[in-house]
Amino acid sequence: MALIELQDIQKVFYGEGTETVAVRDISLVVEKGEFVSIMGPSGSGKSTLLHILGFLDRPTRGTYLFDSQDTTTFSEDQLAVIRNERIGFVFQAFHLLSRTTVLENVMLPLVYSRRPKKEHRALAEKALAQVELSHRLQHHPSQLSGGEKQRVAIARALVNEPTLVFADEPTGNLDSKTGKAVMTAIDSLHKQGQTIILITHETATAQYADRIVQLKDGLIVSDAPGPSTPHSYEK
């Protein structure tokens, strides 16, 4: 069943009498439980497409169906509910609060959720167990390796039990060995049924996905299956 259906999506930025078409005529379907990688060089439209897919920005033209709902006419409040309750984000920078524990960092998104407060700790512990960090609950970010910090960020993205997780260059700040460990954790989530959209410029990272979508100049130039097994991880 389709989770995402984009139909003829275009995004135009206007400024100082000029217009820049960042993505053009993009149609894309992502099924529930699928792992899709979106690749492309700088300026290809990856970030713009991520912002549209994650309800951080609106398309200039086109239709976006999310779980069969046409979100094109949704209010900002309606989009915020989807973004906060059904989507998790993992970014290249970890964005962890240095003076709070791992457990407290992961619990933060729940402050803005409609989850009962009495469930917050259990949800955070469950998310940390999914990334094999149950032994680090009371540690602070300064006591963690780079890979562990990124796994905390993944747990934070999972804590609301989202329908969809976006990973935006999740290995960009990591060495090859640590990056492979993080991608193994993300791949494990996919194998548990999590829908994942990965944004990356690294071929080895993209190869963990079921499908690899290539962008160039705001257009999809390729949409092909990923390899049956990832190649050796080399940045």
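Observations on the model:
- So Arg99, is it modelled with pLDDT under 90 and open to solvent by 30 Å² or more (accessible area, probe 1.4 Å): no
- Condition met for Asp168 (within 30 Å of Glu104 (Cα to Cα), open to solvent by 10 Å² or more (accessible area, probe 1.4 Å) and either within 12 Å of the chain's Cα centre (by Cα) or aliphatic (A, V, I, L, M) (or both)): yes
- For Gln138, the stated conditions hold: it is modelled with pLDDT of 95 or more, open to solvent by 10 Å² or more (accessible area, probe 1.4 Å) and touching a Leu at 6+ places or on another chain (Cβ under 8 Å).
- Residue in the stretch 65-79 that is in contact with a helix residue (DSSP H, G or I) (Cβ under 6 Å, 6 or more places away or on another chain), at pLDDT 95 or above and under 25 Å from Pro170 (Cα atoms) present: no
- Residue check, Asn105 over 29 Å from Glu31 (Cβ atoms) and out of contact with any Leu (no Cβ under 9 Å at 6 or more places or on another chain): no
Matching residues to (1) touching a residue at least 60 places away in the same chain (Cβ under 8 Å); (2) part of a strand (DSSP E or B); (3) under 26 Å from Ser188 (Cα atoms):
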position: Glu5; (1), (2), (3): yes, yes, yes
position: Ile9; (1), (2), (3): no, yes, no
position: Ser37; (1), (2), (3): yes, yes, yes
position: Pro41; (1), (2), (3): yes, no, no
position: Leu50; (1), (2), (3): yes, no, yes
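- Asp210 vs. criteria on the phi > 0 side of the Ramachandran plot, out of contact with any helix residue (DSSP H, G or I) (no Cβ under 7 Å at 6 or more places or on another chain) and not small (Gly, Ala, Ser): no
Matching residues to (1) among the hydrophobic types (A, V, I, L, M, F, W, C); (2) farther than 26 Å from Ser27 by Cβ; (3) open to solvent by less than 10 Å² (accessible area, probe 1.4 Å); (4) in contact (Cβ under 8 Å) with a residue 24 or more places away in the chain:
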| residue | (1), (2), (3), (4) |
| --- | --- |
| Leu144 | yes, yes, no, yes |
| Ala155 | yes, yes, yes, yes |
| Thr178 | no, yes, no, yes |
| Ala181 | yes, yes, no, yes |
| Gln194 | no, no, no, yes |
| Ile197 | yes, no, yes, yes |
| Thr200 | no, no, yes, yes |
| Gln214 | no, no, no, yes |
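- Any hit, the stretch 63-78, residues being in a helix (DSSP H, G or I), touching a residue at least 40 places away in the same chain (Cβ under 8 Å) and touching an Asp or Glu at 6+ places or on another chain (Cβ under 9 Å): no
- Counted residues, the stretch 58-84 - those being touching a strand residue (DSSP E or B) at 6+ places or on another chain (Cβ under 7 Å) and either open to solvent by less than 20 Å² (accessible area, probe 1.4 Å) or under 20 Å from Gln10 (Cβ atoms) (or both): 12
- Selection of the stretch 159-196 for residues being within 25 Å of Arg114 (Cα to Cα) and among the hydrophobic types (A, V, I, L, M, F, W, C) yields Val159, Leu164, Val165, Phe166, Ala167, Leu189, Ile196.
- Given (1) over 20 Å from Val36 (Cα atoms); (2) without any contact (Cβ under 8 Å) to a residue 12 or more places away in the chain, index of the condition His120 fails: (2)
- Which listed residue, of Ala124, Ala93, Ala129, is in contact with a helix residue (DSSP H, G or I) (Cβ under 7 Å, 6 or more places away or on another chain) and either open to solvent by 30 Å² or more (accessible area, probe 1.4 Å) or more than 23 Å from Leu174 (Cα to Cα) (or both): Ala124
The values are calculated or read from the model by the stated rules, or taken from the named source; none is laboratory data. All of these numbers come straight from a predicted model, not from anything done at the bench. Cβ atoms come from the backbone with ideal geometry, glycine included; neighbour counts cover every protein chain shown. Just the protein is used for accessible areas: all its heavy atoms, side chains included, with ligands, DNA and RNA removed. Shrake-Rupley method; radii C 1.70, N 1.55, O 1.52, S 1.80 Å.
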